[in-house]
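Bear in mind these aren't lab numbers, they're just calculated from the coordinates by the rules spelled out. Since the model is a prediction, treat every value here as computed from it, not as a measurement. Cβ coordinates were reconstructed from backbone atoms using ideal geometry, including for glycine residues, and neighbour counts include every protein chain displayed.
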Amino acid sequence: MKKLNLLAALLFLSSCTSQKTAPITPQTPQVVEVNNIKLIDNYAWLNQTSDPKVLKHYRNEERYTETAFKQNQSINRELFREMQERELVTPDANPIEIDGYRYFSKQEKGFRFPVYYRAAINSANEDVILDLNSIAIEYPQATLGTLRISPDSSKILFSLRETPARGYALFLRTINNDSMKKISDSVHEFEFSQDGSHAYFTTLDSLERPYRLYLSDLSQEAEELVYEEDEDALFLRLSRSKSGAHIFLASESINNRAVRIIDTTKQKPEVKLLRKVAEDQKDYIYEGRGSFYILTNNASDAYKVYRTPVSAIAKGNWALELAPPSNGTIEKIDVFKNYLVALTREEGLPVILVKNLTTGLFKKVSFDENFYEITFGANPAFSTEKFNFSYSSPITPKITYEYDMKNLQLKERNRELVEEHNPNEYESLRTYATSADGTKVPMTLIVKKERPNAPLPTILHAYGSYGLVLDASFESERLPLLERDFVYAFCHVRGGGFLGPKWHKAGQKLNKQNSHKDFIACAKHLVKKNITTPKQLSAYGRSAGGALVAAALNAEPNLFAAAILDYPFLDVLGTLLNPSLPLTKRDYEEWGNPKNPEILNYLSQYAPYVVEVPKTNTKSLVTVGLLDKYVGPWEGAKWVAKQRELNSLAYLRVLENAGHEGALSSERQRSELAFQYGFLLNELEAKPSS
């Protein structure tokens with residue numbers, strides 16, 4: 001058992017003086033005219049987070065929230081202690097074999113960061129290739145991004161975020177002489193050239209958009225611009241073929257993805273477009289056996305895999321290699337000398353499909369739980385017959401597997417362990433709600449097998465945007481709630497990707513309110529089935545999921561007892577009208593452009609901050625980060641101020657050193673979760689202690 005140390009305990013105690021009344025948020029109307037319609041924002045001044053007066057207001061909000069929930073400090077400490085005691089025990093990473101070496105990492109006790117090693121195959125001698133603990137002496141707040149190994153195994157490239165307020169920088173380290181130098185102050189993605197003498201890397205513009213590709217001569221510290229993406233809605237994505245002969249550069253938006261190919265064997269890089277994509281068409285490319293394998297939706301909803309010779313990439317040469325399952329879609333692939341591996345999703349659940357490229361035979365790898373996640377591991381070797389992947393679920397900590405594609409055998413390599421957690425004591429249940437238009441909406445309920453009779457306190461969690469599927473990985477921090485007989489319900493609403501691309505389209509743009517109606521239907525289903533009651537029901541939404549939850553609260557002000565909105569996207573209309581913000585132009589494909597009168601009218605019907613709503617009986621806890629570059633902290637602050645106009649109970653939690661990902665340290669992340677869970681235990685009719 002771990003003891004609660006003094007630093008962790010202090011995380012629960014406010015360093016500020018108490019504030020017993022809600023801060024007064026002055027109304028300073030700002031008018032924006034769109035399509036001859038005047039929109040008034042009374043709290044636009046909160047957008048200016050660098051203004052000392054605005055910063056003071058945010059700090060007053062934090063003091064007020066701390067004071068309002070001071071009585072929860074005891075249960076918060078108890079929850080935090082339980083989270084610390086159930087911390088994941090992560091085994092040393094399985095070695096990855098690349099060009100005669102085994103690469104692996106170790107987390108030494110008492111050190112903050114892992115140490116990265118390599119050893120020659122069949123040798124016990126281990127060499128350090130990167131020690132982040134040494135780097136942390138100069139950069140104490142550093143965060144490692146990505147690491148790449150040169151083709152000749154003599155160098156590594158890695159990205160490092162030196163402070164939370166900065167982006168990632170690119171560094172080169174020569175392994176044998178321990179030298180290290182910075183290549184670029186700004187980097188997004190990067191790859192070595194085939195001979196390792198150069199590096200390709202992308203950089204960000206002022207709005208955090210990856211838009212330029214550079215080629216750097218690592219010996220001369222010289223770089224040249226290879227490609228620049230001029231379209232503001234398109235982000236560059238960089239990858240490298242397993243042979244190293246090709247760099248793939250994608251120009252990607254939410255609905256479109258065009259791929260360009262660079263032959264790295266040529267002295268002068270030439271950028272060649274695979275093909276011009278149509279609207280709502282996305283291409284992904286892989287290399288193997290002298291061919292390119294292309295995963296594409298081909299301007300339709302069904303993703304398929306095509307094969308074409310490297311020397312003949314015109315669409316007329318493409319041959320169908322793999323069709324999607326009849327009840328699902330293909331999400332990604334990997335290609336080896338004799339095998340093609342596809343991650344498919346069938347009726348919402350991940351399934352691995354392995355095709356023998358010599359015999360044409362298929363083999364499926366699937367699991368029995370009702371909600372789980374499969375993640376492809378690092379599989380850099382092209383000629384291998386072994387495929388690495390990991391499995392996890394809300395009940396089961398991560399298990400790493402090796403699948404023998406020749407002998408069709410699955411082997412467990414290692415698994416994460418959690419002290420005092422037995423997965424067999426929990427279960428995942430599938431149920432369906434009926435939405436307003438008759439659509440069946442799948443839900444997954446995580447519960448203890450031995451639990452009191454219903455109704456029970458419940459968290460309803462949804463996201464519903466960008467075609468993303470809710471994270472199904474194991475989180476030990478949920479256990480304190482489950483052990484207090486909570487039901488954790490995942491609502492797979494339209495707008496997400498649980499049932500494939502069509503499910504996403506059904507909750508996008510002028511269909512966005514389908515997501516809200518699905519969420520409300522899921523909540524009412526839980527109440528109707530006596531799984532919970534409105535006094536025991538809470539809602540959780542993060543980022544775009546915050547817009548979903550807030551819209552549901554507006555539509556059904558008496559359906560939820562409590563709501564948690566993390567880094568929430570709440571000023572939907574205001575953000576979409578401000579193209580100077582990082583994601584606005586990209587978001588037009590998901591939410592629509594309000595300069596279109598039809599879109600403006602539709603957004604005005606549900607956008608949480610602008611729609612006129614009645615007082616809600618739901619008590620809301622909103623968390624924002626002052627360093628959030630993607631969803632400004634003012635979105636949560638303005639929504640809270642408007643809720644208070646109606647005398648609705650809303651509280652603002654302000655983290656000054658957090659970005660959109662939340663607090664940096666795992667300890668601080670747990671303290672924030674404990675604060676939120678303490679809030680739920682206080683507001684819902686729930687068991688107070690284990």
In nm, spacing of pseudo-spin labels at residue 109 and residue 266 (7 Å Cα→C-beta vector): 5.7 nm
DSSP bridge pairs, the chain: antiparallel proportion in percent, nearest 5: 85 percent
Positive-end extreme of charge dipole, region 512-630 - chosen from 574, 536, 516 (charges on Cβ): 536
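Roughly speaking, what is the stretch gain from residue 231 to residue 580, that is 0.36 nm per residue apart minus the C-alpha to C-alpha distance, in nm to one decimal?
On the way: separation 349, 0.36 × 349 = 125.64 nm, distance 1.43 nm.
Between residue 231 and residue 580, full extension yields 124.2 nm more.
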Separation of the residue 134 and residue 431 label points, Cα + 7 Å toward Cβ, nm: 5.6 nm
Tensor-based shape of region 586-668 (alpha-carbon gyration tensor, a/c under 1.5 rounded, otherwise prolate or oblate): oblate
Formal net charge of residues neighbouring residue 20 (Cβ-Cβ distance under 13 Å; K, R +1; D, E -1): +1
Distant-in-sequence amide H partners of residue 205 (H built 1.01 Å from N, under 5 Å): 211
Contour minus Cα-Cα distance for residue 332 and residue 414 (0.36 nm per residue): 27.1 nm
Binned Cα-Cα distances of region 270-403, short to long, each 5 Å bin given as a whole percent: 2, 9, 19, 21, 20, 14, 9, 4, 2, 0
Dipole-positive endmost among 606, 626, 596 within region 586-690 (Cβ charges, Cα centre): 626
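Mind ordering 270-277, 608-615 by average Cβ neighbours within 10 Å, highest first?
Details: 270-277: 13.9, 608-615: 16.9.
Those peptides, ordered most packed to least, come out 608-615, 270-277.
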Total charge dipole magnitude, region 179-288, about the Cα centre, Cβ charges on Lys, Arg, Asp, Glu only, Debye to nearest 20: 420 debye
Coarse-grained scattering of region 190-237 at q = 0.17, 0.21 Å⁻¹, given as base-10 log I(q)/I(0) from a Debye sum over alpha-carbon atoms: -0.50, -0.69
Region 106-185-region 613-686 distance, computed between alpha-carbon centres (Å): 35 Å
Region 317-348 versus region 407-468: alpha-carbon centroid distance in Å: 26 Å
FRET efficiency, 1/(1 + (r/R0)^6) with R0 25 Å, evaluated for residue 347 and residue 449 via beta carbons: 0.55
Pairwise FRET efficiency - residue 89 versus residue 195, Cβ, R0 = 45 Å, nearest 0.05: 0.65
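Mind putting a number on the dipole of the chain about its Cα centre? Charges go on the C-beta only, +1 for Lys and Arg and -1 for Asp and Glu, and I need it in Debye to the nearest 20. All intermediate terms of the calculation are to be shown ahead of the outcome.
On the way: 84 positive and 86 negative charges, 239 e Å.
Using Cβ point charges on Lys, Arg, Asp and Glu, the chain gives about 1140 debye.
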Other-chain or far-sequence residues with amide H under 5 Å of residue 274's (modelled H): 259, 260, 261
Between 0 and 90°, nearest 10: helix 633-645 axis offset from the chain longest Cα axis: 20 degrees
Sequence-distant residues sharing a close amide H with residue 189 (under 5 Å, placed H): 202
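Kirkwood Rh, the chain, all Cα pairs: how many Å? Write down the numbers at each step before the final one.
Numbers: mean 1/r = 0.0370 Å⁻¹.
That comes to 27.0 Å for the chain.
How long are the three semi-axes of the equivalent ellipsoid of region 24-113, in whole Å, if each is the root of 5 times an eigenvalue of the C-alpha gyration tensor, listed from largest down?
Details: eigenvalues 453, 145, 32 Å².
Largest first, region 24-113 gives 48, 27, 13 Å.
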Simple spin-label estimate for residue 424 and residue 279 in nanometres, 7 Å along Cα-Cβ: 5.7 nm
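Relative to the present Cα-Cα distance, how much length would full extension add between residue 59 and residue 406 at 0.36 nm per residue of separation? Write down the numbers at each step before the final one.
Details: separation 347, 0.36 × 347 = 124.92 nm, distance 6.04 nm.
Extending this stretch completely gives an extra 118.9 nm.
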Near-label residues of region 569-611 by backbone N, under 17 Å of a point 7 Å along Cα→Cβ of residue 510: 588-606
